[in-house]
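Input: a single structure, listed below in structure tokens.
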Amino acid sequence: MQRPLCAQNSFLMKLSLLLCLFASAALAQLGPNGATASFKGSLPPKPTADLSTAQAQALQKDLSAVTDAFQSVKKHPNAADADIFIKAVRYALEFHEWYDKKPEDGIKKATALLDEAKKRIESLKKNETPWMSGTGEKVLGFYSKIDGSPQPYGVEVPDGLDFGAGKKPVPMWVWLHGRGDTATDLSFVYGRLMAKKRGQFTPAGTIVIHPFGRYCNGWKSAGETDALEARDDAKARFNVDHNRIALAGFSMGGAGAWSLGAHFTGDWACVHTGAGFVDVKRYTKLTPETFPSWYEQKLWGVYDVPDYVANFHNVPLISYSGEVDTQRDSAEYMTQILKAEGIIRPHLIGPGMPHKYHPEVIKEVQKLVEEAVAKGREEWPSEIHIQTRTLAYNQIKWVKLTALEQHWKESRLNASLDANTNIINISTKGVTGFEITPPPGAMTVSVDGKEIQPKAEAGVWKFSRAGKSWVNTAAPTTHVKKPGLQGPIEDGLKSAFLVVLPDSKGGSGTVDAWVEVESNHFLKRWKSLMRGDALVKAAGDVTAADMASHHLVLWGTPATNSLIAKILPDKMPLAWSAKTVAVGTQSFPALNHVPVLCYPNPLSPEKYVILNSGLTFREAHDRTNSIQNPKLPDWAILDITEPPNSEAAGKVVAADFFDEHWQVLKRVKSPTAKE
């Protein structure tokens, strides 16, 4: 039935107003300074109500007493459940993380955490963990494999849920929180412990966990690892059904759900994205005149979700946006990208809503996710689709990529099992090696139109490309880029690493001073932003066992760091003498230039050495989580006559990626060149 003219006009006026609101909102995703609204100039921010010297000293005295008491239980398997409270207060004191209206409120929170730590220490002495019993809200901890630091996460166990060893495995949601500049350990742990506030979703008969995510990094870098480690810790404790785990989040957590959903698609029964950015260029509204260096643009491919969109063929995806939310633009953009891949997913809209859930639409979202979780993840789906730009994200269920033609270009593999012939049909683009753990019934493989009889190695079929042909052998693993060893510089900081400081003096005074400043900067930044105490040794104290289990972050020069001197000669594509620093054909004075790079450790080839670099995104990039991304490729030369600042450790005068064999590319490409 046609609307009356007046009704049509009214409708059109409302529609026009709505579109104007949406357009202006979309243009205002970030403030005029390019920052999120919550950013106060630093992470963590300056205190709102700092403690007096006397208050800080009194709290430090209490903290020291609890820390001493903890030593008696620090080797207990559940020691992290107490250690998270101690660390929260320690960091709050060190970084002045007091964000309440008055100091006494901060002291109240810290005291509550120390009191809980005391109770848990006493229980651990008796080998008891009463906080694990029963239902309700819990705060737990685990020791991260990255740096051994205690990391917290919250848990909601619904009333009446029967869980644990010997019981029926239970479903679980992993909920990723939004940005909170003041939500440091103290705030996060206290909120989960004392507030007892349930999350936005309360699915029936389902555990919901709330990872900390190492604070405020957009669920990238160590934040990505944290979410997966929290999930795995909860899986083990609560006897979770690994085929019925959903990933969800809102705002920064929505961005995290987009990212972890796209990069680890095979892990989830369902992915729910509530708002959240999906890329750098579009979200921050960059234009060619404002693009960063060519290699940083390539490195957008580490996290930009559109570069992994085909992976959503493998999992149910459900999105939500408020009708006038500024971040709806990203979800609508993803609708277009998904549609181009032949993927149509539910995108629920909250009528009239800004950046939050509509009270009725959230029920629809929960229902859809619960249905997908009840159905469960298929361990052996008949089809697998993989899209990636790096071997850091190389596996979905029964297919794993092992070699690429060229990193940072699009690579794809599509696999399908023909039920009639029991042939797995594979098509590839940019892939030169892969492995299959064959699904039940599979007998043989056809790769890019050519049938190949597989050879099983420990139940795994391995294939590699030789020229234009595929063969049933594994891809080479010696001195090639491979999963876990593919760069860029920051890649090694997502798993276990050891910071190795100089063990002598005698280098260039300018370089030595820079090394001291930058190594200290990294250690402090890792602690303040990534919320962990990095493991540190002097070069002379590093053991073979250290090298076998850790990437080494080496600081210094061949004259000041004995490990650098040991691995450089003829073992790395870097010539570094007292006079010059050279990579390939490019050479610079060693007096005021420093090389930074990642490379397979010649003394432990399954691990990296990272030379003179920590996190390459710095304080200026904290203004929005969307740009907390790698800023340098596999190697770079820094001119340190330009001192470190909030954006860089020095002036980049040369930088590039290594090729797929860790060799220097035969080219000289200026950092300021345009792609």
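Every number in this text was worked out from the coordinates using simple rules, so none of it is lab data. Note that the structure is a prediction, hence the values are computed from the model and not measured. In this analysis, Cβ positions are derived from the backbone assuming ideal geometry, glycine residues included, and neighbour counts consider all displayed protein chains.
Can you show me the helix-derived [θ] at 222 nm for the chain, built from DSSP H runs with n ≥ 4 at -39,500 (n - 2.57) apiece and divided by the number of residues, rounded to the nearest 500. Walk me through the numbers before you get to the answer.
Details: 13 runs with 183 residues, N = 675.
Theoretical 222 nm ellipticity from helices: -9000 deg cm²/dmol.
Count the net charge of all other residues whose Cβ sits under 13 Å from the Cβ of Ile637, scoring Lys and Arg as +1 and Asp and Glu as -1. Each step should come with its number before you reach the end.
Working: positive: Lys651, Lys669; negative: Asp634, Asp639, Glu642, Asp656.
So the environment of Ile637 carries a net charge of -2.
What is the dipole size for the range 395-471, taken about its Cα centre, with +1 at each Lys and Arg Cβ and -1 at each Asp and Glu Cβ, in debye to the nearest 20? Each step should come with its number before you reach the end.
Details: 10 positive and 7 negative charges, 35 e Å.
The calculated dipole for the range 395-471 is roughly 160 debye.
Going by C-beta contacts inside 10 Å, put Thr585, Thr129 in order with the fewest on the left.
In order of increasing Cβ crowding within 10 Å: Thr585, Thr129.
From the cross-link list Lys409/Lys674; Lys109/Lys524; Lys429/Lys571, which pairs have alpha carbons spaced over 28 Å apart? The partial results should precede the final answer.
On the way: Lys409/Lys674 16 Å; Lys109/Lys524 24 Å; Lys429/Lys571 33 Å.
Beyond 28 Å: Lys429/Lys571.
Relative to the Cα centre, what is the charge dipole magnitude of the range 177-268, using +1 at the beta carbon of each Lys and Arg, -1 at the beta carbon of each Asp and Glu, and rounding to the nearest 20 debye?
Numbers: 11 positive and 9 negative charges, 73 e Å.
It comes to approximately 360 debye.
Taking a threshold of 31 Å on the Cα-Cα distance, which of the pairs Lys101/Lys145; Lys125/Lys375; Lys537/Lys651; Lys75/Lys537; Lys108/Lys167 fall above it?
Values: Lys101/Lys145 36 Å; Lys125/Lys375 42 Å; Lys537/Lys651 28 Å; Lys75/Lys537 22 Å; Lys108/Lys167 39 Å.
Pairs exceeding the cut-off: Lys101/Lys145; Lys125/Lys375; Lys108/Lys167.
Using Cα-Cα distances under 8 Å and only pairs 6 or more residues apart, what relative contact order does the range 180-297 have, in percent?
17
Once you keep just the Cα pairs under 8 angstrom separated by 6 or more residues, what percentage relative contact order results for the range 541-675? Present the calculation step by step, with values, prior to reporting the outcome.
On the way: 229 pairs, mean separation 25.9, N = 135.
It rounds to 19 percent for the range 541-675.
Considering only DSSP beta bridges whose two residues both sit in the range 395-471, what percent are antiparallel, to the nearest 5?
Details: 26 of 30 bridges.
Antiparallel bridges make up about 85 percent of those DSSP assigns within the range 395-471.
When DSSP assigns beta bridges and you keep just the ones with both residues in the chain, what percent turn out antiparallel, to the nearest 5?
65
Using a simple spin-label model with points 7 Å from Cα along the Cα→Cβ vector, what separation in nm is obtained for Lys356 and His661?
Modelled inter-label distance: 6.0 nm.
Among the lysines, select those whose C-alpha is under 20 Å from the C-alpha of Lys356, and discard any that sit fewer than 8 residues away in the same chain.
Cross-link targets: Lys197, Lys367.
For the range 233-266 and the range 541-599, what is the separation of their C-alpha centers, rounded to whole Å?
Here the answer is 39 Å between Cα centres.
May I ask you to sort Leu401, Leu59 by Cβ crowding, counting other Cβ atoms within 10 Å and putting the fewest first? Mind dumping the intermediate values first?
On the way: Leu401 26, Leu59 20.
Ascending number of Cβ neighbours within 10 Å: Leu59, Leu401.
Antiparallel DSSP bridges in the range 489-656: what percent, to the nearest 5? Show your work: numbers first, answer last.
Working: 21 of 32 bridges.
Percent antiparallel among DSSP bridges in the range 489-656 is about 65.
In what order do Thr390, Thr202, Thr273 fall by count of nearby beta-carbon atoms within 10 Å, going from fewest to most?
Numbers: Thr390 22, Thr202 12, Thr273 31.
So the residues, fewest neighbours to most, are Thr202, Thr390, Thr273.
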